[in-house]
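Engineer: Got a structure for you, questions after.
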Amino acid sequence: MRLRTRTAVAAAGMALALLASGCGADDGDGGAGSKKVEVFTWWADGGEKAGLDGLVAQFKTDCAQYEFVNGAVAGGAGSNAKQVLASRLQQNDPPDTFQAHAGAELTDYIKAGQIEDLSAEYKEWGLDSAFPKGLVDSLTVDGKIYSVPANIHRANVLWGNKTVLAQAGITAPATTLPEFFSQLDTLKAKGVAAPLALGKDWTQQMLFEAVLISKLGPEKFSGLWTGQTDWAGADITDAINDYKKLLSYSNKDRDTFDWTDAEKLVMEGKAAYQLMGDWEAADLDAKGFKDYNYSVFPGNGDAYQWLADSFVLPKNAKNPEGTKCWLKTLGSAAGQKAFNTKKGSIPARTDANATDYPAYQQAAIADWAKGKPVPSCPHGSACSQGWQGAVASAQGKFSSDGDVAALQSALVAAAKQYASK
Ligand code: GAL
């Protein structure tokens with residue numbers, strides 16, 4: 001009797017535990033045999049959501065046996081999503097797949113043992129030769145490939161409001177920093193009080209990196225992330241001073257703005273320019289704003305500051321087979337087209353047909369083919385998440401105190417702490 005009671009209690013307890021974890025239940029609710037595939041991104045709105053929707057449509061065709069579940073957490077560059085993800089991973093509650101930038105950021109998850117090796121799937125799906133070798137290298141650790149790239153984005157693009165620029169008599173993009181300063185002066189003189197729209201920490205980091213690329217050139221800039229270029233150098237001090245000057249042309253409430261708030265200033269004609277990645281092309285299109293132009297950031301020449309959104313199979317994902325179907329779709333030619341035509345990025349696959357793409361991406365595909373690739377820290381291709389966080393907080397502090405020496409020492413300290421990790 002006692003034994004029976006204990007067994008019954010234990011069985012009831014186990015059933016409850018199974019229900020709570022979803023295990024053993026073929027209910028399509030995330031358990032074994034589940035049909036749901038939770039896709040975790042920060043693409044919640046505008047052009048980002050349009051890109052995701054394009055991919056989901058393809059997934060529905062290719063993987064009709066599964067159900068897409070949108071796990072998006074809003075906030076540019078994953079400013080909120082990454083924290084939510086970190087805590088879910090820590091609690092062993094991973095989504096079925098999540099967005100992770102190719103390069104050092106992805107390496108964080110690999111080193112922490114949080115994601116699975118996809119080398120066998122690369123072979124099975126014929127992905128080995130579908131992507132450029134350099135990109136596959138940024139997804140590989142110890143010979144194993146851990147992620148499927150969806151795209152290549154460009155970070156160092158300057159977006160302009162054509163009418164505001166024309167009213168100030170500006171008809172061609174600036175190609176050097178001094179020319180850019182003189183355009184910004186002209187705009188101010190014409191009554192555009194804050195001609196350069198800017199947002200918070202990571203967007204400031206992007207603007208600063210664009211200045212660094214102009215000052216150092218592509219090779220030396222890339223060396224900042226490999227220990228080959230000294231963050232303490234006089235050229236960095238110079239770059240910080242130029243960046244400080246640029247801040248004086250930007251909106252004072254920048255620290256409270258996401259990239260889309262800054263973009264709105266350009267759309268409303270309150271600002272003339274914004275430095276932002278080419279997800280802005282998709283977002284402006286999604287919002288129906290047509291009066292814009294774009295050019296590489298002044299002085300960046302043919303440097304193509306790249307980043308790539310890639311997707312992974314987390315350890316202990318509830319529906320690994322469903323995740324694999326998602327990954328196979330996004331790595332396919334059809335998936336990359338469905339996504340990138342809407343997202344502002346270019347396909348990571350090398351077999352894409354440029355004429356399938358809107359005008360912006362056609363130009364970007366041509367620039368990528370002949371440009372010099374340089375990585376981005378806020379978008380993970382250059383640095384780890386720890387390094388990203390250290391730089392973002394130093395930039396945030398600089399935005400209010402403007403202390404050049406303090407920013408430079410913080411950057412030197414961050415490189416010392418994170419460079420070889
Ligand atoms: C980047 C991401 C892009 C875009 C952007 C703004 O980190 O790679 O796809 O979403 O953030 O949120």
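Engineer: Give the carbon-plus-sulfur fraction of the accessible surface of the stretch 137-250 in %, rounded to a whole number; probe 1.4 Å, heavy atoms of protein chains only.
Structural biologist: 50 percent
Engineer: Post the alpha-carbon centroid distance, the stretch 149-200 to the stretch 94-133, in whole angstrom.
Structural biologist: 37 Å
Engineer: Over 20 Å between Cα atoms: which of Lys60/Lys342; Lys188/Lys252; Lys123/Lys144; Lys264/Lys287; Lys35/Lys82 fall into that group?
Structural biologist: Too far apart for the 20 Å limit: Lys35/Lys82.
Engineer: OK, next. Considering only protein heavy atoms, what per residue accessible area in square angstrom results for the chain with a 1.4 angstrom probe?
Structural biologist: About 42 Å² of surface per residue is accessible.
Engineer: Also, I was wondering about something else. Check which residues have an amide H placed less than 5 Å from Gln99's amide H, if you skip close sequence neighbours.
Structural biologist: Those qualifying (amide H under 5 Å, at least 5 residues apart or on another chain) are Phe40.
Engineer: Another question, if that's okay. Return the FRET efficiency for the residue pair Lys245, Lys315: r is the Cβ-Cβ distance, R0 is 45 Å, and the value is rounded to the nearest 0.05.
Structural biologist: 0.45
Engineer: If you count the DSSP beta bridges with both ends in the chain, what percent of them are antiparallel, to the nearest 5?
Structural biologist: In the chain, DSSP labels about 60 percent of beta bridges as antiparallel.
Engineer: Give the carbon-plus-sulfur fraction of the accessible surface of the stretch 371-421 in %, rounded to a whole number; probe 1.4 Å, heavy atoms of protein chains only.
Structural biologist: 57 percent
Engineer: Additional query: Multiply the residue separation of Val84 and Ala57 by 0.36 nm, subtract the distance between their alpha-carbon atoms, and state the gained length in nm to one decimal.
Structural biologist: Using 0.36 nm per residue and subtracting the Cα-Cα distance, I get 7.1 nm.
Engineer: Shifting gears a bit: Would you calculate the convex hull of the Cα atoms in the chain and tell me its volume per residue in Å³?
Structural biologist: Expressed per residue, the convex hull around the Cα atoms of the chain is 155 Å³.
Engineer: Straight-line reach only, C-alpha to C-alpha below 23 angstrom: list the lysines that Lys372 could link to, leaving out same-chain residues fewer than 8 apart.
Structural biologist: Correct list for Lys372: Lys133, Lys215, Lys220, Lys343.
Engineer: Right, next: What does the extension gain come out to for Asn293 and Gln417, with contour length at 0.36 nm per residue minus their alpha carbon separation?
Structural biologist: Extra length from Asn293 to Gln417 when fully extended: 40.7 nm.
Engineer: Are there any trypsin sites (Lys or Arg not before Pro) in the stretch 242-327 that are in a DSSP loop and have at most 11 other Cβ atoms within 10 Å? List them by number.
Structural biologist: Lys290
Engineer: Per the helix-only calculation at 222 nm, which mean residue ellipticity applies to the chain, given -39500 (n - 2.57) for every DSSP H run of n ≥ 4 and division by its residues, nearest 500 deg cm²/dmol?
Structural biologist: -15000 deg cm²/dmol
Engineer: Helix 359-370 against the longest principal axis of the chain: what's the angle in degrees, Cα atoms only, rounded to the nearest 10?
Structural biologist: The two axes meet at around 90 degrees.
Engineer: Now for a different question. Provide the FRET efficiency to the nearest 0.05 for the Ser409-Gln65 pair, computing r from the beta carbons and using R0 = 41 Å.
Structural biologist: 0.15
Engineer: Follow-up. The stretch 181-336: percent of C-alpha pairs farther apart than 24 Å?
Structural biologist: 48 percent
Engineer: Let me ask something else. If each residue of separation counts as 0.36 nm, what is the full-extension length gain between Asp238 and Ala172 once their alpha-carbon separation is subtracted?
Structural biologist: Additional length available on full extension: 21.1 nm.
Engineer: Could you check the spin-label model distance between Asp401 and Asp230? Points 7 Å from the Cα along Cα→Cβ, value in nm.
Structural biologist: Using points 7 Å along Cα→Cβ, the separation is 2.5 nm.
The values are calculated or read from the model by the stated rules, or taken from the named source; none is laboratory data. For clarity, every value in this text was computed on a predicted model and none was experimentally measured. Cβ: placed from backbone, ideal geometry, glycine included. Neighbour counts: every protein chain shown. Surface areas here come from the heavy atoms of the whole protein model, side chains and all, with no ligands, DNA or RNA. Shrake-Rupley method; radii C 1.70, N 1.55, O 1.52, S 1.80 Å.
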